[in-house]
1. Report Rg (one decimal) and Dmax (nearest whole number) for the stretch A:188-269, counting Cα atoms only, units Å.
2. Quick one: if the Förster radius is 22 Å, what FRET efficiency do residue A:143 and residue A:245 give, using the C-beta to C-beta distance and rounding to 0.05?
3. So, in nm, how far is label residue A:327 from label residue A:201 when the simple model puts each one 7 Å beyond its Cα toward the Cβ?
4. If you roll a 1.4 Å probe over the stretch B:177-259 with all protein chains in place, what percent of the accessible area is carbon or sulfur?
5. Skipping prolines and chain starts, which residues have an amide H placed within reach, meaning under 5 Å, of the one on residue B:251, given they are 5 or more residues away or on another chain?
6. With the cut-off at 1.5 for a/c, could you classify chain B from its C-alpha gyration tensor as rounded, prolate or oblate?
7. Just to confirm my numbers, what's the Cα centroid distance between the stretch A:239-303 and the stretch B:251-317 in Å?
8. Can you list the residues, at least 5 places off or on another chain, whose amide H is less than 5 Å from the amide H of residue A:58, using H built in the peptide plane?
Amino acid sequence: MLPAICVSFLLLASACGSDNGDNETSSSSGSSDASNDGSNSNDEAASVSGNVTISGSSTVEPISIRVAELFEDVAPDVSVTVDGPGTGDGFKLFCEGETDISDASRQIKDTEKASCFENGVDNIVELKVGVDGIAVMTSAANTAVECLSFEQLFALIGPAGEGTKTWGEASPGLPDTPLDVFGPGEESGTFDSFLEIVFEDLAEEQGLEATTRTDYSPSGDDNVILQGIQSSDTSLGWTGFAFAVNAQNVRLIPVDGGDGNCVEPTPDSIASNQYPISRDLWIYVNADKAAANPAVTAYIDFYVTEGLKQAVGEVGYVPLTDAAQAETQGRWNAMETIS
Amino acid sequence: MISRLVDDRARSAIAGSIRSRRVDVRGALFRSLLQSALVLTLLILAVLLVSVFTDSWSQISGRLGDFLSGTLRSRSSDGGLGVHQGIYGSLWIGVIVAVLAFPIGIGAAVYLEEYAPRNRFTSFIEVNIRNLAGVPSVVYGLLGLAILVNGDIFGLDRLTGGRSTLSAGITLAVLVLPIVIITSGEAFRAVPNELREGAYGVGATRWEMIRTQVLPYAAPGILTGTLLSMARAVGEAAPLILVGAVTGRLGDNPALLDLGALADRFTALPIVITSWTQQSGRDVGFAAAAAGAIVVLLVFVLIMNSAAIGLRNRFEKKRG
């Protein structure tokens, strides 16, 4: 009974599916007007059709989606599906050959690479697409704090800081002024990134949980966090860099990642990874699938040009420097695969 | 007779309590307790509805049409943001559940109640069905993942298209099947035996008896049960995530009646709500969109319920 119904559904499905395809081709001719620079590649892209399947990091997910949205105006017949179960789960699907592209907020691990190669996913192109940076802020009036190390941040905002009322009480050596903490809540990707980059190693060393103190005011809205930081002269808070850099009446605190250098967050220092609370965002392309499917090639062509310029900044990340963009484009054009 | 059993003292006590105008304090207290239980329930519902509606106002007042026809987007300010793909998924999951779970479930219930002999084996089966109704939905999601998406056993993934609306619908049909069997069984059990005996008495066969007496009498009860299971299926998110519902971006935005997309990747209203709620951490405008999607899901379930209630009333009139 059950398979019989499935079959009947599927027959309907395939019949209608081909209909759908015809509709798409007929509508494609009239909508190539929305291209960006009118170059040849965009004209070519307009005639491309097919499916692109992307999975992986939920941090990179918005970039890939935004690129797909921009690409849709150029190539309306390409259907891009993006999912964000996480970097590790994404690689699992990618290595099984289920997806064309894998989003990643870290580089591929050797074990993951090995499982890809085992399954015959041999030709993988690794492309850096943007940088995720997090800014630590205080009120513009607070000049007493020159620089914060990861240890100090962990002491101030980590679980050991629970209940402390002043900067000095949480981390000896800092001024004895009231400590008012503002930051994103657990539902936020910025929250997760902050914990991963700043807290995880220290928490393990100190035998504590890699989480924040619970007695601060979390908010999902960056503007609310900003208002909180502005409201107190001795506040401490953190948001994504792309948001923080445009904020008024706050001071971005330089951060020492453990090598003794205090680095101020700037687009350059983040894009070059000198600023310690930053991490590169990657996409991994299955080159064999790209070779077989012009839709994937066209999408990545668009990704490494318009995507890197426009989409990365639009969804709140730091775009690559021009040199890094050129490097990504070079890698893609040369189809440099990882080994 | 009574006067002999009840002595004078008892008689005067009873007479006293009947004649007196004593205020029944404890009774009034009990009544107000019951009322406050009802008021509390309604209050929680009201708070929920008011907060959801106010949160969603920016989406459903200004751009309802766009919101209903739009798709998953990367930014909440995008004019193309909307729930159409979610409605498509939920609608067809509901249809597949109705097509698969209802006939199979009601059929199994008819057999268990009307045909199967009452012995240890059938009561063992009934206990198992009740247990199945209590199994967490994630487990059914894993079952769907293994059999329908990965095709571990019969290679069914070739029929369902893997991570598709079809797989999701079948998974949820299996999920609600035990509930449909149990509630239909209860409805059949509530049919008075006199009806069955009457039918036999005028020479009906068992099939005729079930068709003309049991099914019409039990129909309203069956509908109530199937309705509840349908609402459950449409509201489930956890098994859908396992079966591969898309949270980020779905390439196509099929028309509501486009059967061709049933074997494609899918999303559903509960998934859209979950995804947007998570994204509100990155882009706060998604909170309003998530609230809007909740309103759409509520209206969706409401429409389904009223259809079922309408049907039930028709059956009840026939029965009356």
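1. Final numbers for Rg and Dmax: 13.7, 38 Å.
2. On the way: r = 19 Å, r/R0 = 0.88.
E between residue A:143 and residue A:245, to the nearest 0.05, is 0.70.
3. With each label point 7 Å from Cα toward Cβ, the separation is 2.0 nm.
4. Numbers: 2240 of 3480 Å².
For the stretch B:177-259, the apolar C and S fraction of the accessible surface comes to 64 percent.
5. The list, which skips near neighbours in sequence, is A:80, A:81, A:82.
6. On the way: a/c = 2.60, a/b = 1.42, b/c = 1.83.
It is oblate, given that a/c is not under 1.5 and a/b is not larger than b/c.
7. Here the answer is 35 Å between Cα centres.
8. Answer set, sorted by chain and number: A:86, A:87.
The values are calculated or read from the model by the stated rules, or taken from the named source; none is laboratory data. All figures in this text were calculated on a predicted structure; none of them were measured in a lab. In this analysis, Cβ positions are derived from the backbone assuming ideal geometry, glycine residues included, and neighbour counts consider all displayed protein chains. Remember, those area values only see protein heavy atoms, side chains included, never the ligands or the DNA or RNA. Shrake-Rupley method; radii C 1.70, N 1.55, O 1.52, S 1.80 Å.
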